[in-house]
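**Student:** Dropping a structure here in structure tokens format, bear with me for questions.
Nothing in this text is a laboratory measurement; each read-out follows from the coordinates by a stated rule. All figures in this text were calculated on a predicted structure; none of them were measured in a lab. As a convention, Cβ positions derive from the backbone with ideal geometry for all residues, glycine included, and neighbour counts pool all protein chains shown.
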Amino acid sequence: MTTESRLAARLTNQGYSLFEIMLVVILLMVFIGIALRMFLNFAADAERMEMQEVLDSLQTSVMTVMSEHLIKDGLEHLESLDGTNPMRLLQKAPVNYAGELGSNDPRPDAGHWYFDRDRQVLIYLVKNDRFFSILENNKSNRIIEGKSEAIFKLIFNFADNNKNRKFDVDVDTAQGLELSPINDYQWTN
């Protein structure tokens, strides 16, 4: 038997050592971990972009309504929209909008928008809350009632010239309407 054939026979009969098998298993686990983390990041990024797309549509609708009021009858009449549901300004609500809900109504699942009639705020329930934080007093603080929420309110802004905290047409100056976040939040990866 030649040296080459003896070496080939030895390699085929011997199999893999325990070290080689463990090394392969460890490498597979590392690759699976990396792939899983990338998948979760993609899911969170997709949710963040979807949420931002809805907010951009709402901001565009608010600007359109402001422009219409400015042309027709002035910004003073925007006061009636303060605290109303901004989703009503859209021609078509997003598919993940659950509607207007009161305090006794069941909350929708994560990944949905809804308008809280009692608090007069628009709420987005975050699905990928591992990548979402509510910021309070410069601290990263998560979870309100077990779910992460991004909360927004339609606010009528005016210069309160007489300092009575309510809009008086003859005294105060209307400044516009904005969809403002109530809680500061951030998406992380």
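**Student:** Rounded to the nearest 500, what is the chain's calculated 222 nm mean residue ellipticity when only DSSP H runs of at least 4 contribute -39500 (n - 2.57) each, over all residues? Walk me through the numbers before you get to the answer.
**Tutor:** Details: 2 runs with 67 residues, N = 189.
The helix contribution divided over the chain gives -13000 deg cm²/dmol.
**Student:** Okay, moving on. Quick one: helix 18-72 against the long Cα principal axis of the chain, what's the angle to the nearest 10°, folded into 0 to 90?
**Tutor:** So the helix axis and the longest Cα principal axis differ by about 20 degrees.
**Student:** Net charge around Leu101, counting only other residues with Cβ within less than 12 Å of its Cβ (Lys, Arg = +1; Asp, Glu = -1)? Don't skip to the answer; put the middle values down first.
**Tutor:** On the way: positive: Arg107, Arg117, Arg119; negative: Glu100, Asp105, Asp116, Asp118.
Around Leu101, the surrounding residues sum to -1.
**Student:** Starting from the amide H of Asn157, placed 1.01 Å from N in the peptide plane, find each other amide H under 5 Å away whose residue is 5 or more places distant or on another chain.
**Tutor:** Here the answer is Gln175, Gly176, Leu177, Glu178, since their amide H atoms fall under 5 Å of that of Asn157.
**Student:** Here's a follow-up. Against the longest principal axis of the chain, how steep is helix 3-14, in degrees 0 to 90 to the nearest 10, with axes from Cα atoms?
**Tutor:** Computed tilt is about 50 degrees.
**Student:** For the cross-link pairs Lys72/Lys92; Lys127/Lys166; Lys92/Lys163, which exceed 31 Å when the distance is taken from alpha carbon to alpha carbon? It would help to have the intermediate numbers written out before the result.
**Tutor:** Values: Lys72/Lys92 24 Å; Lys127/Lys166 37 Å; Lys92/Lys163 39 Å.
Correct reply: Lys127/Lys166; Lys92/Lys163.
**Student:** Just going by the charge dipole of the range 3-187, with Lys and Arg at +1 and Asp and Glu at -1 on Cβ, which of Met22, Asn96, Leu135 is farthest out on the positive end?
**Tutor:** Of Met22, Asn96, Leu135, it is Met22.
**Student:** Also, I was wondering about something else. Along the Cα→Cβ direction, 7 angstrom out, place labels at Asp73 and Met22. What is the inter-label distance in nm?
**Tutor:** 8.0
**Student:** Here is a follow-up. Loop only per DSSP, at most 15 neighbouring Cβ atoms within 10 Å: give me the trypsin sites (Lys or Arg not before Pro) in the range 58-134, ordered by residue number.
**Tutor:** On the way: sites: Lys72, Arg88, Lys92, Arg117, Arg119, Lys127, Arg130; in loops: Lys92, Arg117, Arg119, Lys127.
Hits after loop and neighbour filter: Lys92, Arg117, Arg119.
**Student:** Quick check: residue separation of Asp160 and Gln120 times 0.36 nm, minus the Cα distance between them. What number comes out in nm? Walk me through the numbers before you get to the answer.
**Tutor:** On the way: separation 40, 0.36 × 40 = 14.40 nm, distance 2.18 nm.
Result for the pair: 12.2 nm of gain on full extension.
**Student:** Can I ask one more? Quick one: among Tyr114, Tyr16, Tyr124, which has the greatest mean-square fluctuation in a GNM of the chain with alpha-carbon springs under 10 angstrom?
**Tutor:** Checking each option, the largest mean-square fluctuation is seen for Tyr16.
**Student:** Taking the Cα centre of the chain as origin, work out the dipole magnitude from +1 charges on Lys and Arg Cβ and -1 charges on Asp and Glu Cβ, in debye rounded to 20.
**Tutor:** Here the size comes out at about 1040 debye.
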